[in-house]
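Inspection log for the structure reproduced underneath, given as C-alpha cells.
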Amino acid sequence: MTTTKTSSLRLSYLTAYNALFCILWTSILYTTLTNLPNGKPALFAATSSRARWIQTATLIEIIHAATGLVKSPVSTTALQVTTRTIQVWMIWFSFPASTASSHAYAALVLAWSLADAIRYAYLTLNLHARSPGWLVWLRYTMFYPLYPIGITSEWWLLYRAIEPAGQAWWGLKPIFWACLAAYVPGSYTMYTHMIKQRRKTLGGGKKAV
C-alpha cells in the first residue's frame, strides 16, 4: 500500500472516529442538561448506560497512541482512558445506588461530556487544518475548570462506594483506598500535561497534535 493511500485511510478513519465521538458526547451533554430538572435518579437512568459504553469504546485510543496512528503520548492517553473506564464499571455499574444519589454524578457527566465534545470537535477539524481560533482556545483552556470538577467528582464517587464495596466483599476496601491515593499523582500528571500542551498551542510554541 502506498504512503499516500495509507495517509488517506488514516485521515478518513480519524475524521470519522473523532466526528462520531463528538456527536456521541454532545448527545450525552444534551441529555444531561435536559434531565437535570428531573432529579438525580432520573438523570442517572437517562445517561449512565450510554455514557458507560461510549467511554468504554474509547479504550481503542490507547491502541491509536501505541501504534503511532496519533501522536498522543501513550502514558497520558492510557491514564485518562483507563481511569475513566474503571470509574464507569467499578463505580457506576457496580454501585449504582451510591452513584445515582450524589450530585457528583451530574457534575462528572457534565464535565466529561463538555470537555470531550469540545476535544473531539477540535480533533476532527484539526485533521483538516480548519479549527477556528475560538475552538482552539476552548480546547486548551476549558480543562482548567473541567479537569478539577471531573477529577474531584470521580474521587468523591469512588469514596462513596467504599462502604457498599466493603459490604459486598471486604477485600474491595483496600483496592478502593489504593485507587483514591492514586488520584493524587495521576491528577498531577494529567493537569500538567494539558498545561504544557496549552503553552505549545497558545503560547507561541510548536502546535500540539
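For first residues located in segment 65-80 and without any contact (Cβ under 8 Å) to a residue 40 or more places away in the chain and part of a helix (DSSP H, G or I), partners that are open to solvent by 70 Å² or more (accessible area, probe 1.4 Å) and of a type in the set (D, E, K, R) and lie 6+ apart or on another chain with Cβ distances below 9 Å form the pairs 65/71.
Among the residues of this structure, residue 47 counts as one that is open to solvent by less than 30 Å² (accessible area, probe 1.4 Å), assigned to a helix (DSSP H, G or I), within 27 Å of residue 161 (Cα to Cα) and out of contact with any Pro (no Cβ under 9 Å at 6 or more places or on another chain). Restricting segment 156-190 to residues that are hydroxyl-bearing (Ser, Thr, Tyr) and touching a helix residue (DSSP H, G or I) at 6+ places or on another chain (Cβ under 7 Å), the residue that is modelled with the highest pLDDT is 159.
With respect to the conditions (1) in contact (Cβ under 8 Å) with a residue 24 or more places away in the chain; (2) open to solvent by 50 Å² or more (accessible area, probe 1.4 Å); (3) in a helix (DSSP H, G or I), residue 200 lacks only one, and its number is (1). Might you check whether a residue that is open to solvent by less than 30 Å² (accessible area, probe 1.4 Å), in a helix (DSSP H, G or I) and either more than 22 Å from residue 34 (Cβ to Cβ) or without any contact (Cβ under 8 Å) to a residue 12 or more places away in the chain (or both) occurs anywhere in segment 138-147? Yes: one or more hits.
Do we have residue 121 as within 23 Å of residue 42 (Cα to Cα) and buried (at least 18 other Cβ atoms within 10 Å of the Cβ) here? Considered against the rule, which asks whether it is within 23 Å of residue 42 (Cα to Cα) and buried (at least 18 other Cβ atoms within 10 Å of the Cβ), residue 121 comes out as no. For segment 126-133, state whether one or more residues are open to solvent by 40 Å² or more (accessible area, probe 1.4 Å) and in contact (Cβ under 8 Å) with a residue 60 or more places away in the chain. Within segment 126-133, one or more residues are open to solvent by 40 Å² or more (accessible area, probe 1.4 Å) and in contact (Cβ under 8 Å) with a residue 60 or more places away in the chain.
The values are calculated or read from the model by the stated rules, or taken from the named source; none is laboratory data. What you see is a predicted model, and the numbers here were worked out from it, not measured in a lab. Neighbour counts are summed over all protein chains in view; Cβ atoms, including those assigned to glycine, are modelled from backbone coordinates with ideal geometry. Ligands, DNA and RNA are stripped out before the accessible areas are found, and what is left, the full protein with its side chains, is counted by its heavy atoms. Shrake-Rupley method; radii C 1.70, N 1.55, O 1.52, S 1.80 Å.
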